[in-house]
Amino acid sequence: MRITVTVDGTQYTDDVEPRLLLVHYLRDRLGKVGTVVGCDTSNCGACTVLLDDRSVKSCSMLAVQADGHSVTTVEGLSENGSLHPVQEAFREKHALQCGFCTPGMIMATIDLLSENSDPSDEEVRHGLEGNLCRCTGYQNIVAAARDAAQRLRENPAATQEV
């Protein structure tokens, strides 16, 4: 099947198998390896990307379902060599250890903050509950999400279109 999808601002037209998962299209066809294959069952959230600015688990979506849509991966967040404010907050708050869950956590956090610009700790935990981290205990992830929210409130111009 032929699809046309915009990924990280670049439009691609490709022939794909109807059963090809979006995560495999992104990684294997487009080289977007920041989108991690974690569990292949949509339980861990490591494969989270933004589809038309909403978070989706790319291991549970077919590439053909993205036809005509815009996908943003973690690689598409930085602009002119500068990290997205959420990426910067994750780095500064040490919200990672092994880093495996980090791309999905960052993408889910961006979606959360687009809906709630000043979440409480509890709201962050609830908003990220579909994304698992086996290393950190989540405290630094919650702190990073709250820090990113503050950065975005203080400097709305830092919010880049994703």
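The values are calculated or read from the model by the stated rules, or taken from the named source; none is laboratory data. Treat the numbers as computed from the prediction; the structure is a model and nothing was measured. Every residue, glycine among them, receives a Cβ derived from its backbone with ideal geometry; neighbour counts consider all protein chains shown. We work out accessible area using only protein heavy atoms, side chains counted, and drop any ligands, DNA or RNA first. Shrake-Rupley method; radii C 1.70, N 1.55, O 1.52, S 1.80 Å.
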**Prompt:** Given the structure, is Thr102 closer than 21 Å to Gln150 by Cα and hydroxyl-bearing (Ser, Thr, Tyr)?
**Reply:** yes
**Request:** Report the residue count in segment 121-146 for those that are open to solvent by less than 30 Å² (accessible area, probe 1.4 Å) and closer than 15 Å to Arg91 by Cβ.
**Result:** 3
**Prompt:** Residues of segment 1-53 being open to solvent by 40 Å² or more (accessible area, probe 1.4 Å), among the β-branched types (Val, Ile, Thr) and assigned to a loop (DSSP other than H, G, I, E, B), which ones?
**Reply:** Val33, Val37, Thr41
**Prompt:** Which residue pairs have Cβ atoms closer than 6 Å, lie 6 or more positions apart in sequence or on different chains, and pair a first residue in segment 111-132 that is touching a residue at least 24 places away in the same chain (Cβ under 8 Å) with a second residue that is among the polar types (S, T, N, Q) and buried (at least 20 other Cβ atoms within 10 Å of the Cβ)?
**Reply:** Asp111/Ser55
**Fill in**
Across (1) at pLDDT 95 or above; (2) in contact with a helix residue (DSSP H, G or I) (Cβ under 7 Å, 6 or more places away or on another chain); (3) over 15 Å from Asn131 (Cβ atoms), His94 clears everything bar (1)
**Request:** Determine whether segment 71-82 contains at least one residue that is in contact with a Lys or Arg (Cβ under 6 Å, 6 or more places away or on another chain), charged (D, E, K, R) and closer than 20 Å to Val37 by Cβ.
**Result:** yes
**Item:** Condition check for Val71: free of Cβ contacts under 8 Å to residues at least 40 places away in the same chain, in contact with an Asp or Glu (Cβ under 9 Å, 6 or more places away or on another chain) and either part of a loop (DSSP other than H, G, I, E, B) or within 16 Å of Val5 (Cβ to Cβ) (or both)
**Value:** no
